[in-house]
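One structure follows; several queries about it will come next.
The values are calculated or read from the model by the stated rules, or taken from the named source; none is laboratory data. The structure displayed is predicted, hence computed values, not measured ones. We place every Cβ from the backbone using ideal geometry, glycine too, and count neighbours over all the protein chains shown.
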Amino acid sequence: MKVDEYAIPVISPDVEIVPFDKTTYLVLQHLYKHQLRISSQLYRVLELVDGRRNLHEIASELNKETHLIEPNGLLELLYTGRLTQCGVIQTSNPVAPRVSTSYLKLRLTLIKSRHIMPLARLCSFLFTPRFFYISGGLMLIGLGWAFLHFVNFRSFSVLIGSNSVNSFSIAFLYGMFYLSTLLHELGHASACRRFGATPGDIGFGFYLVMPVFYADVSDAWRVPAPQRVIIDLAGLYMEILLCTVLCGVFLLYGNIALLYMCLILLLRTYGNLNPFLRMDGYWALADALGRPNLRQDSIRKLLSCWHWLRKREASPFQKLSDYLLFLYALCSQLMIVALLTTVLFFNTKSVLLLPSLVWSIGVKIIRSYPDINLTWLYTAILELIPPILFYVLLINFLAKPARELSKLLQSFLVGKSKATPIPS
Ligand SMILES: [Zn+2]
């Protein structure tokens, strides 16, 4: 590719640029599925790339606005970095489509986006910000009152631990689980629709080793952060709405089992608020703090502390938010260590002997094929979950420090003493 300072840069027709927060913009390359977050200065540069001005003219226009830049610097900015690699600026170079680095694995679409749209449109009124927060608050207060007033928590724990629950109740509870899960995903899609983003498919996948349902809300990045918080919490809102309806039926007909069911559904929902795993609570916190990459940012903060302690960088603590991010990073890492220790403690044998366990299960499946005992197979799969979870968590946990250690060793071996800059 040959470009000189009189070349006329052109933005690809598949590119859309939307405001992200007060100081940054999001560049969406729809054809290659790339997303870039850019500063307002770079946004101004792209505004001047109108397909008529050449690099020289753009540079002199920017210099009038005190963005001091040489045509050669502009050439480098537009043609050698991410803007070209992601197909934002048109060149003759091939562009690689974005490789999905989703934290969800083995995704399977259950409901296509076009089938969700009519329902999402119908429910979108729930997510008008004022209505959402007021009604959500009132429903929580109402449910709290009903639980405190009618539920005997001692008999509830006895009920959960006993075998006296009949099969009809269990079937009804499972039905409610699936209904609440579908409503949950519909909530995310409807809130997306409410704020002008296009909801994607609803499907099923694995997060770490947990089977989960998901709603594709990747288009929500075009929406401002306060509205993204509502999209993040919309699933929980729908579950609370379902519980409020069940509670209302209980108040009318007096069937206490419905109220216990609400409690079970809400206890399950509570887990979704965990801010350390990539669940709704995490995304809501990330958007509320204006840090879409909260996890990566927090790990970077820990690394910059490490560099600071080795006196190779300035102090990473400048503002209150730096301390909060450090605290979050610390809690997050401690939680992973606690989880790893717990899994190892209760499943020491299966963790240490995972290869031989997999081997023996595989051999047994091959030998007994096609007369495989499904109950045995189910138990065998359940037995494999804790050790696999352990290793997935361990690899995720050790990947960054291992990379840092290898960098450290490299710099030690070549006798370098210069710090590696950490992007913030
Ligand atoms: Zn959700």
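Tell me which of these LEU334 doesn't satisfy, since it passes every other one: (1) more than 30 Å from ARG291 (Cβ to Cβ); (2) among the aliphatic types (A, V, I, L, M); (3) modelled with pLDDT of 85 or more.
Failing condition for LEU334: (1).
What pairs can you find where one residue is in the range 201-214 and buried (at least 18 other Cβ atoms within 10 Å of the Cβ), the other is hydroxyl-bearing (Ser, Thr, Tyr) and modelled with pLDDT of 80 or more, and their Cβ atoms are less than 6 Å apart, with a gap of 6+ or different chains?
ASP201/THR109; ASP201/SER113; GLY203/THR109; GLY203/TYR214
Of the conditions (1) surrounded by fewer than 22 Cβ atoms within 10 Å (Cβ to Cβ); (2) farther than 24 Å from VAL392 by Cβ; (3) among the aromatic types (Phe, Trp, Tyr), TYR260 clears all except one; give me its number.
The one condition TYR260 does not meet is (1).
Looking only at the range 4-55, how many residues end up being under 30 Å from the mean Cα position of the chain (by Cα) and on the phi > 0 side of the Ramachandran plot?
Residues of the range 4-55 under 30 Å from the mean Cα position of the chain (by Cα): 11-44, 46.
Then drop every residue that is not on the phi > 0 side of the Ramachandran plot, which leaves 33.
Residues in the range 4-55 being under 30 Å from the mean Cα position of the chain (by Cα) and on the phi > 0 side of the Ramachandran plot: 1 in total.
Checking the conditions here, which among GLY203, GLY187 is of a type in the set (Gly, Ala, Ser), at pLDDT 90 or above and either under 21 Å from LEU108 (Cβ atoms) or more than 15 Å from the ligand (Cβ to nearest atom) (or both)?
Details: GLY203 fails: at pLDDT 90 or above.
Every option except GLY187 fails the conditions.
Return a yes/no flag: does the range 245-266 have any residue that is out of contact with any Ser or Thr (no Cβ under 7 Å at 6 or more places or on another chain), within 15 Å of the ligand (Cβ to nearest atom) and either at pLDDT 90 or above or not β-branched (Val, Ile, Thr) (or both). Write out each step before concluding.
If we filter the range 245-266 for residues that are out of contact with any Ser or Thr (no Cβ under 7 Å at 6 or more places or on another chain), which is where we start, we get 245-256, 258-264, 266.
If we keep only those that are within 15 Å of the ligand (Cβ to nearest atom) as well, we get 266.
Next, from what is left, pick out any that are either at pLDDT 90 or above or not β-branched (Val, Ile, Thr) (or both): 266.
Scanning the range 245-266, I find at least one residue that is out of contact with any Ser or Thr (no Cβ under 7 Å at 6 or more places or on another chain), within 15 Å of the ligand (Cβ to nearest atom) and either at pLDDT 90 or above or not β-branched (Val, Ile, Thr) (or both), so the answer is yes.
If we scan the range 308-322, do we find a residue that is under 25 Å from the mean Cα position of the chain (by Cα) and under 30 Å from ALA234 (Cβ atoms)? Full working, then the answer.
The initial filter retains those residues of the range 308-322 that are under 25 Å from the mean Cα position of the chain (by Cα), namely 320-322.
Subset that is under 30 Å from ALA234 (Cβ atoms): 320-321.
Within the range 308-322, one or more residues are under 25 Å from the mean Cα position of the chain (by Cα) and under 30 Å from ALA234 (Cβ atoms).
Need the failing condition index for ARG222 against (1) modelled with pLDDT under 85; (2) within 16 Å of the ligand (Cβ to nearest atom); (3) within 25 Å of MET117 (Cβ to Cβ), just the number.
Looking at each condition in turn, ARG222 falls short on (2).
Residue by residue, here is whether (1) within 16 Å of the ligand (Cβ to nearest atom); (2) under 30 Å from ASP216 (Cβ atoms); (3) modelled with pLDDT of 75 or more holds:
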residue	(1), (2), (3)
ARG154	no, no, no
ILE160	no, no, no
ASN163	no, no, no
SER167	no, no, no
TYR174	no, yes, yes
CYS192	yes, yes, yes
GLY196	no, yes, yes
PRO199	yes, yes, yes
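Another question, if that's okay. Of ALA288, ALA284, which residue is more than 18 Å from LEU143 (Cα to Cα), in contact (Cβ under 8 Å) with a residue 60 or more places away in the chain, within 16 Å of the ligand (Cβ to nearest atom) and among the small types (Gly, Ala, Ser)? Outline the logic, then answer.
Details: ALA284 fails: in contact (Cβ under 8 Å) with a residue 60 or more places away in the chain.
Only one candidate passes the filter, namely ALA288.
With respect to PHE195, is the statement that it is of a type in the set (A, V, I, L, M, F, W, C) and touching a Leu at 6+ places or on another chain (Cβ under 9 Å) true? Lay out the reasoning, then the answer.
Details: of a type in the set (A, V, I, L, M, F, W, C): yes; touching a Leu at 6+ places or on another chain (Cβ under 9 Å): no.
Spelling it out, it is not the case that PHE195 is of a type in the set (A, V, I, L, M, F, W, C) and touching a Leu at 6+ places or on another chain (Cβ under 9 Å).
Can you pull out every residue in the range 250-274 that is under 30 Å from ARG295 (Cα atoms) and in contact with a Phe, Trp or Tyr (Cβ under 8 Å, 6 or more places away or on another chain)?
LEU265, ARG268, ASN274
Another question, then. Output the helices (runs of 4 or more DSSP H) that fall wholly within the range 51-149 and possess 2 or more residues being surrounded by fewer than 16 Cβ atoms within 10 Å (Cβ to Cβ), or say none. Step through it out loud before you land on a result.
On the way: elements: 55-64, 71-79, 82-85, 113-123.
Counting at least 2 such residues, we get 55-64, 71-79, 113-123.
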